[in-house]
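Contents: one structure, followed by commentary.
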Amino acid sequence: MKRLFGYTLIELMAALAVVSILVSVGLPLMNVFFESNRMISNTNELVAGLHIARSEAIKQQSRVTMCQSNDQANCTNTGKWEDGFIVFVDNGGAAVGNATVDPGERILRVNAGAEGNQVTIRSNDALNRIASSVTYTSRGLPKATNGAAQSGTFRICDDRGLVVTADGASTVARGVVLSLSGRVRSTKNVVKIASCP
């Protein structure tokens, strides 16, 4: 008598039911996982750009600017950091408004724009000190071309908005805090981020 190996129809249907339940529960969680990873990626890109600008300013003993750029070649003054940014050696003070990077000024880093759907990156600065650019001096201090100190918080939000966690202290949105000393750190603190556009 031969023994047949395989699955019965009932076993296949039970396995299919278990897989469909796992997929229906797992897919929404995967979407949240991917959205969170995109927020972290966008935050890390902004932090990296600021770190490079500061370290290059100190190393080269020159002004280095990180400014908004939707063409990845020149500074723009739109208030939308999510369109992209550039970091460049700013000998001529080109970061003011819509300006062209001078031919002798090297672009050190290019960001082509934020990842994800409906991502916004804006400054949370009432005085607009970091609305469109951050310039580091040769001492590593963030100062605009007119000498005014620059500091504030960048808000990184997506289509979920400012969803506050159960403890009320943090949010799914992210923030990048630029201090007067030039140090940069990321945060999920609701008070620091304040709002999403």
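The residues on offer are ALA148, ALA173, and the sole one that is touching an Asp or Glu at 6+ places or on another chain (Cβ under 8 Å) and at pLDDT 85 or above is ALA173.
Does PRO103 meet the test of being in a loop (DSSP other than H, G, I, E, B) and either at pLDDT below 85 or under 22 Å from LEU178 (Cβ atoms) (or both)? Criteria met by PRO103. There is no residue in the stretch 44-58 that is in contact with a Cys (Cβ under 8 Å, 6 or more places away or on another chain) and in contact (Cβ under 8 Å) with a residue 60 or more places away in the chain.
The set of residues from the stretch 17-33 being within 30 Å of ASP158 (Cα to Cα) and more than 32 Å from the chain's Cα centre (by Cα) comprises SER20, ILE21, LEU22. Across the stretch 45-76, which residue is modelled with the highest pLDDT among those that are among the basic types (Lys, Arg) and surrounded by 15 or more Cβ atoms within 10 Å (Cβ to Cβ)? Filtering the stretch 45-76 for residues that are among the basic types (Lys, Arg) and surrounded by 15 or more Cβ atoms within 10 Å (Cβ to Cβ), the one modelled with the highest pLDDT comes out as ARG54. Can you tell me which residue among GLY175, GLY113 is within 19 Å of LEU46 (Cα to Cα), assigned to a loop (DSSP other than H, G, I, E, B), small (Gly, Ala, Ser) and within 13 Å of the chain's Cα centre (by Cα)? After ruling out the rest, the residue left standing is GLY113.
Out of all the residues in the stretch 84-100, is one or more in contact (Cβ under 8 Å) with a residue 40 or more places away in the chain, outside any helix (DSSP H, G or I) and touching a Phe, Trp or Tyr at 6+ places or on another chain (Cβ under 6 Å)? No, every residue in the stretch 84-100 fails to be in contact (Cβ under 8 Å) with a residue 40 or more places away in the chain, outside any helix (DSSP H, G or I) and touching a Phe, Trp or Tyr at 6+ places or on another chain (Cβ under 6 Å). Which of the residues that make up the stretch 1-16 are surrounded by 10 or more Cβ atoms within 10 Å (Cβ to Cβ) and either assigned to a helix (DSSP H, G or I) or within 29 Å of the chain's Cα centre (by Cα) (or both)? Listed by number, the residues that qualify are GLU11, LEU12, MET13, ALA14, ALA15, LEU16. Count of the stretch 120-130 residues, restricted to those that are of a type in the set (A, V, I, L, M) and surrounded by fewer than 18 Cβ atoms within 10 Å (Cβ to Cβ), is 2.
Which of the residues that make up the stretch 116-138 are in contact (Cβ under 8 Å) with a residue 60 or more places away in the chain and within 17 Å of PRO197 (Cα to Cα)? Selection gives GLY116, VAL119, THR120, ILE121, ARG122, ASN124, SER132.
The values are calculated or read from the model by the stated rules, or taken from the named source; none is laboratory data. In this text, all values refer to a predicted model and were calculated from it rather than measured experimentally. When we count neighbours, we look across all protein chains shown, and the Cβ atoms used for this are built from the backbone with ideal geometry, even at glycine.
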